[in-house]
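Below is one structure, written out as structure tokens, with a few remarks after it.
Any read-out appearing in this document is the output of simple, stated calculations on the displayed coordinates, not a laboratory observation. All values derive from a computational prediction rather than experimental measurement. A quick note on method: Cβ atoms are made from the backbone with ideal geometry, for glycine too, and the neighbour counts reach across all protein chains shown.
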Amino acid sequence: MIFVSTRSKLLKSEVIYDQCPNCRKYNCVRILIYQLYGCIFWIPFIPSNKIGLSECSNCGQSLKLHQMPESFRQNYDNLKRHTHAPIWNFTGLFIAAILAFVFVIAFAQNEKKMTGFILAPQKNDVYELNLKDDVYTLYKIKKIVSDTIYFWPSKFQTDQASGLSDIADKGDKGFDESITVGFPKVKLLEMHKTGAIIAVDRK
Ligand SMILES: [Zn+2]
């Protein structure tokens with residue numbers, strides 16, 4: 001379960017000269033600016049709104065932005081204009097961007113590797129196939145003749161990609177050596193593009 005929360009952090013505070021509307025004293029009201037930020041699993045992800053408060057150090061009166069007199073609000077606006085969300089508020093966003101980048105690189109490398117295996121096949125390469133909806137199986141290369149690759153299909157099928165490791169565990173005995181299925185490389189590349197070839201395993 002993803003745990004999302006909002007937190008706040010005091011960004012800036014400044015004592016203003018203006019008179020407190022409650023105790024009538026001057027130079028004792030402090031304007032505070034808080035930054036709200038969203039967290040995912042306690043990691044700051046992205047900054048949200050800023051909120052303002054005023055506090056009188058003499059009488060203790062605290063006012064929210066909408067309760068402040070106009071002069072307080074002008075002070076708040078001035079202060080806010082020079083206050084920016086700290087960079088650590090974006091920590092989660094940076095982490096997500098780095099993970100996305102790593103994922104894209106890994107995906108591209110895997111694509112390159114698989115295409116390389118299909119273009120330069122070796123006997124005993126094992127192909128993980130998604131033949132149609134909910135039908136997964138393995139094919140093992142028996143021989144290569146020119147641009148055509150011949151496989152022994154597995155005797156077993158599974159309805160989930162995660163079940164392919166169980167079929168692989170059956171080893172060489174799991175392949176039906178009485179049947180040979182041939183595909184031209186072009187067809188295999190197309191099957192890889194459409195997702196019918198999930199992976200190619202080479203020992
Ligand atoms: Zn006061």
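Points worth noting:
- For a straight C-alpha distance cut-off of 17 angstrom, the aspartates and glutamates reachable from LYS142 (same-chain residues fewer than eight places away being disregarded) are ASP125, GLU128, ASP172, ASP176, GLU177, ASP201.
- Dipole of the chain, positive end: most advanced residue of GLY38, GLN157, PHE175 [Cβ charges, Cα centre]: GLY38
- Local electrostatic count, PHE45, Cβ distance below 15 Å [Lys/Arg +1, Asp/Glu -1]: +2
- The length gained by stretching the chain between TRP42 and LYS193 to full extension, at 0.36 nm per residue less their Cα-Cα distance, is 50.4 nm.
- Over all other residues within a Cβ to Cβ distance under 12 Å of ASP172, the charged ones net out to +3, with Lys and Arg as +1 and Asp and Glu as -1.
- Cα gyration tensor shape of the range 112-201, rounded if a/c is under 1.5, else prolate or oblate by comparing a/b with b/c: oblate
- Pairs from the list LYS112/LYS185; LYS112/LYS173; LYS113/LYS193; LYS123/LYS185 with a Cα-Cα gap above 25 Å: LYS112/LYS173.
- Nearest-20 debye value, the chain charge dipole, Cβ charges on Lys, Arg, Asp, Glu: 660
- Neighbour net charge for VAL126 - beta-carbon separation under 13 angstrom, K R +1, D E -1: +1
- Principal semi-axes of the equivalent ellipsoid, √(5λ) from the alpha carbon gyration tensor of the chain, are 70, 16, 11 Å from largest down.
- Only helices reaching 27 angstrom along their own axis (Cα) with mean Kyte-Doolittle hydropathy no lower than 0.0 count here, and for the DSSP H runs of the chain these are 91-119.
- The chain: calculated mean residue ellipticity at 222 nm from DSSP helix runs of at least 4, using -39500 (n - 2.57): -9000 deg cm²/dmol
- Counting lysine pairs in the range 1-77 that sit 8 or more residues apart in sequence, or on different chains, and whose Cα atoms lie under 17 Å apart gives 5.
- Taken about its Cα centre, the range 112-201 carries a charge dipole of roughly 400 debye when the Cβ of each Lys and Arg holds +1 and the Cβ of each Asp and Glu holds -1.
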